[in-house]
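Peer 1: Sharing a structure below in structure tokens format, with a few things to ask.
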Amino acid sequence: MLEDLTVKDFALIDEVSLDFSEGFTVLSGETGAGKSILIGAVTFLLGGKGGLEIIRTGSREASVSGTLRIGKSCRAAYDWLDEHSIDHDEGRVLLRRVIRDTGKSSAWIQGIQVTKNDLAEFTSYLVDIHGQHEHQSLMYPASHRGFLDSYAGLTDQVAAFSKLYSELVAKRNLLDELNSSGAEWERKIEMLSFAVEEITQAALHPGEDEELDAEEKRLAQYEKLYSDVDEVDSSLSGGENIISVLKKARTVLSHAAGIDGSIGKLSERMENAFYELSDISEELKSYKNSLVYDPVRLDEVQERSALIFKLKKKYAASQTSPVSDVIKYGEDAQAELDKMQGSRVDSGALSDEIKKLERTVLAEAAKLSSARKEKALSFASAVMEVLSKLGMANTVFEVGITKKPGDTDVQRCGPYGFDDIEFLISANPGSPLKPLAKIASGGELSRVMLALKTILSASDMTDTLVFDEIDTGIGGEIAAAVGHHLRNLSHNHQILCITHLASIAVCADNQIKIEKIVSDGNTSTHVHPVEGNERVAEIARMLSGDAVSEASLLHAASLLKENKTF
């Protein structure tokens with residue numbers, strides 16, 4: 001569950017720190033107050049998208065941090081942390097994410113920097129966010145298969161099937177390539193072989209081009225280099241040189257420091273300068289003696305540089321690219337060559353492999369279809385049971401499963417099998433079943449999605465469920481039913497829900513108020529928990545827009561007591 005959240009400079013939020021409890025928590029506030037901004041901050045923390053627009057005006061960065069407590073039953077989350085060598089501190093994990101005005105985004109789990117995708121993968125085991133318009137995904141039948149497969153426990157089996165199907169597609173493409181362009185295949189192998197041989201024979205090593213440039217510069221300008229070094233060497237050690245002068249000055253200053261201790265530090269510095277320059281003089285003399293003009297080596301260096309230049313021109317992005325790019329090209333060419341040569345088979349043998357793989361794919365697709373049909377009835381029954389509690393008691397829900405179009409099973413099969421799956425619904429007695437996407441209202445879609453989330457959450461062990469305005473298009477008794485349903489759901493899950501309906505809010509164990517404040521011409525969002533009389537006033541506002549009249553307050557207090565939340 002989400003235990004706490006700290007948001008800083010995120011959209012209209014200046015700085016907010018909140019502690020969350022188990023059970024059912026609602027977030028309320030007037031329209032435009034910024035309720036969805038807080039959910040947006042949670043989404044960002046969990047690895048969701050976030051651009052420069054979320055940084056508060058005038059700030060350099062937006063940051064969100066929070067603590068997740070992992071339930072003992074969520075083995076997948078613990079396994080993920082172990083696989084990534086991240087400690088879990090007795091089930092508590094600190095998350096942090098920042099986006100800067102440079103566009104750079106960073107994320108951490110327990111102080112270990114991770115990618116956005118890593119963050120999203122890990123938190124997906126712990127938190128499920130139902131976005132404000134997510135129920136609209138039900139308008140697309142392509143999303144229906146995922147719900148049924150998840151309920152039926154087929155997710156891993158479908159993933160394995162998709163991998164098998166991809167292998168079949170790859171072999172079919174290879175056969176097409178072999179049949180249509182055998183000459184092109186051989187030409188590519190010849191080209192790759194030549195590149196690998198040429199780069200291998202060159203025996204390049206990273207940074208060699210820079211080393212050669214430096215060596216060529218030394219050899220080509222030997223006379224000037226020797227002249228400069230010799231001149232400095234003479235200044236340091238020839239005739240009345242600097243070191244002799246410093247040696248004499250050191251002795252005199254040391255004697256003076258014996259008379260007046262206040263110049264003792266100057267004497268020490270003079271001593272250090274003498275020894276430093278003496279050391280420089282010895283090293284410079286040694287370097288000068290090592291300088292040798294070698295025209296043969298200069299030719300070798302220039303020849304080697306010319307070879308590298310030619311290889312860069314052929315195999316790197318440009319002549320200014322590092323030599324490591326040429327080495328990388330050779331490694332990639334070798335890998336592709338190995339792959340092509342390893343897969344070089346005659347088309348007859350490959351055709352036999354494809355036929356064998358097709359039989360396997362079709363058999364697995366049949367198993368998936370059978371499993372889906374077996375679970376479709378119990379899935380539909382479970383959905384209708386939840387819908388009956390959400391004011392849709394007479395609704396008939398069914399899962400339509402048909403074969404994809406095509407003349408043969410091979411043509412019908414796709415990456416998820418050969419089933420087309422679509423949810424059908426009859427919301428009124430006597431009405432025929434029709435596609436959910438075509439007849440359901442916004443309020444009905446919201447409740448169907450809530451039913452699906454309820455059913456799936458019972459099996460996926462997700463600790464925290466977040467609903468962003470699940471109450472779209474509903475009110476009255478239906479809203480009260482949704483509120484009670486969410487409270488029942490909170491017995492096994494932490495529920496966070498944005499709502500503008502008092503009949504849902506009164507069912508919550510905790511309530512957080514979000515309001516927009518304008519001060520000194522600046523707009524900010526203020527977030528704080530409400531309890532006691534303050535919560536009564538907020539419920540009264542949600543009921544009638546009046547948070548001060550005695551009638552509204554009495555009505556609000558009555559509803560809270562009726563639901564045993566006050």
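Peer 1: Looking only at region 173-199, which residues are among the small types (G, A, S), at pLDDT 90 or above and open to solvent by 30 Å² or more (accessible area, probe 1.4 Å)?
Peer 2: Residue satisfying the conditions is S193 alone.
Peer 1: Can you confirm whether region 292-313 contains a residue that is within 30 Å of I242 (Cβ to Cβ), over 54 Å from the mean Cα position of the chain (by Cα) and open to solvent by 80 Å² or more (accessible area, probe 1.4 Å)?
Peer 2: Scanning region 292-313 turns up at least one residue that is within 30 Å of I242 (Cβ to Cβ), over 54 Å from the mean Cα position of the chain (by Cα) and open to solvent by 80 Å² or more (accessible area, probe 1.4 Å).
Peer 1: Would region 134-144 turn up any residue that is surrounded by fewer than 14 Cβ atoms within 10 Å (Cβ to Cβ), in contact (Cβ under 8 Å) with a residue 40 or more places away in the chain and under 28 Å from S369 (Cβ atoms)?
Peer 2: yes
Peer 1: While we're on this one: Would you point out the residue of region 522-566, among those that are of a type in the set (D, E, K, R) and over 43 Å from the mean Cα position of the chain (by Cα), that is least open to solvent (accessible area, probe 1.4 Å)?
Peer 2: D546
Peer 1: How many of the residues making up region 149-159 are part of a helix (DSSP H, G or I) and either in contact (Cβ under 8 Å) with a residue 12 or more places away in the chain or surrounded by 14 or more Cβ atoms within 10 Å (Cβ to Cβ) (or both)?
Peer 2: Going through region 149-159 one residue at a time, the tally reaches 6.
Peer 1: Can you find, within region 40-52, the residue that is most open to solvent (accessible area, probe 1.4 Å) among those that are closer than 23 Å to V466 by Cα and in a helix (DSSP H, G or I)?
Peer 2: Within region 40-52, the subset closer than 23 Å to V466 by Cα is 40-51.
Subset that is in a helix (DSSP H, G or I): 40-45.
Details: G40: 27, A41: 0, V42: 11, T43: 47, F44: 1, L45: 3 Å².
Checked region 40-52; the qualifying residue most open to solvent (accessible area, probe 1.4 Å) is T43.
Peer 1: From I539, I478, grab the single residue that is out of contact with any Asp or Glu (no Cβ under 8 Å at 6 or more places or on another chain) and under 28 Å from V396 (Cβ atoms).
Peer 2: Only one candidate qualifies: I478.
Peer 1: While we're looking at this one, here's another question. Which pairs turn up if I take residues in region 205-216 that are closer than 15 Å to E303 by Cβ and look for partners that are open to solvent by less than 80 Å² (accessible area, probe 1.4 Å) with beta carbon separation below 6 Å, at least 6 apart in sequence or on another chain?
Peer 2: Listed pairs, sorted by first residue: E208/V323; D209/I308; D209/V323; L212/V301; L212/R304; L212/S305; E215/V301; E216/V301.
Peer 1: Could you identify the single residue in I401, I425, I439, I421 that is over 25 Å from L164 (Cβ atoms) and either surrounded by 20 or more Cβ atoms within 10 Å (Cβ to Cβ) or at pLDDT 90 or above (or both)?
Peer 2: When all the criteria are applied, what remains is I425.
Peer 1: Suppose we keep only residues that are open to solvent by 50 Å² or more (accessible area, probe 1.4 Å) and of a type in the set (S, T, Y) within region 247-279. Which one would you say is farthest from S235 (Cα to Cα)?
Peer 2: Ranking the qualifying residues of region 247-279, first place goes to S262.
Peer 1: Can you find, within region 143-171, the residue that is nearest to the chain's Cα centre (by Cα) among those that are of a type in the set (S, T, Y) and farther than 24 Å from S381 by Cα?
Peer 2: Initially, region 143-171 is screened for residues of a type in the set (S, T, Y), giving 143, 150-151, 155, 162, 165-166.
Subsequent filtering for residues that are farther than 24 Å from S381 by Cα retains 162, 165-166.
Values: S162: 23, Y165: 27, S166: 25 Å.
Once the filter is applied, the top-ranked residue is S162.
Peer 1: Moving to a separate point now. State the number of residues belonging to region 200-222 that are in a helix (DSSP H, G or I), within 40 Å of the chain's Cα centre (by Cα) and more than 9 Å from V323 (Cβ to Cβ). I'd like the intermediate steps shown before the answer.
Peer 2: From region 200-222, those in a helix (DSSP H, G or I) are 200-202, 208-220, 222; that's our starting set.
Applying the additional criterion that residues be within 40 Å of the chain's Cα centre (by Cα) yields 200, 208-211.
Okay, now just the ones that are also more than 9 Å from V323 (Cβ to Cβ), so 200, 211.
Count: 2.
Peer 1: Residue under question is K516, and the condition is that it be among the basic types (K, R), within 27 Å of D4 (Cα to Cα), in contact (Cβ under 8 Å) with a residue 24 or more places away in the chain and surrounded by fewer than 20 Cβ atoms within 10 Å (Cβ to Cβ); does it hold?
Peer 2: yes
Peer 1: Counting only residues that are in contact (Cβ under 8 Å) with a residue 12 or more places away in the chain, closer than 30 Å to I512 by Cα and within 31 Å of the chain's Cα centre (by Cα), give me the strands (runs of 3 or more DSSP E) lying completely in region 404-499 with at least 3 of them. Spell out how you get there, then give the answer.
Peer 2: On the way: elements: 419-426, 464-468, 494-498.
It comes to 464-468, 494-498.
Peer 1: In addition: So for region 57-64 (the condition being of a type outside the set (K, R), at pLDDT below 90 and open to solvent by 20 Å² or more (accessible area, probe 1.4 Å)), does at least one residue qualify?
Peer 2: Yes, there is a match, as at least one residue in region 57-64 is of a type outside the set (K, R), at pLDDT below 90 and open to solvent by 20 Å² or more (accessible area, probe 1.4 Å).
Peer 1: Taking the stated definitions as given, is T360 more than 33 Å from the chain's Cα centre (by Cα), at pLDDT 90 or above and of a type in the set (V, I, T)? Before you say what the answer is, go through the steps one by one.
Peer 2: Details: more than 33 Å from the chain's Cα centre (by Cα): yes; at pLDDT 90 or above: yes; of a type in the set (V, I, T): yes.
Judged against the criteria, T360 is a match.
Peer 1: For region 66-77, enumerate the residues that are part of a strand (DSSP E or B) and open to solvent by less than 30 Å² (accessible area, probe 1.4 Å).
Peer 2: G66, T67, L68, listed by residue number.
The values are calculated or read from the model by the stated rules, or taken from the named source; none is laboratory data. As the structure is a prediction and not an experimental result, all values here were calculated from the model. We place every Cβ from the backbone using ideal geometry, glycine too, and count neighbours over all the protein chains shown. Ligands, DNA and RNA are stripped out before the accessible areas are found, and what is left, the full protein with its side chains, is counted by its heavy atoms. Shrake-Rupley method; radii C 1.70, N 1.55, O 1.52, S 1.80 Å.
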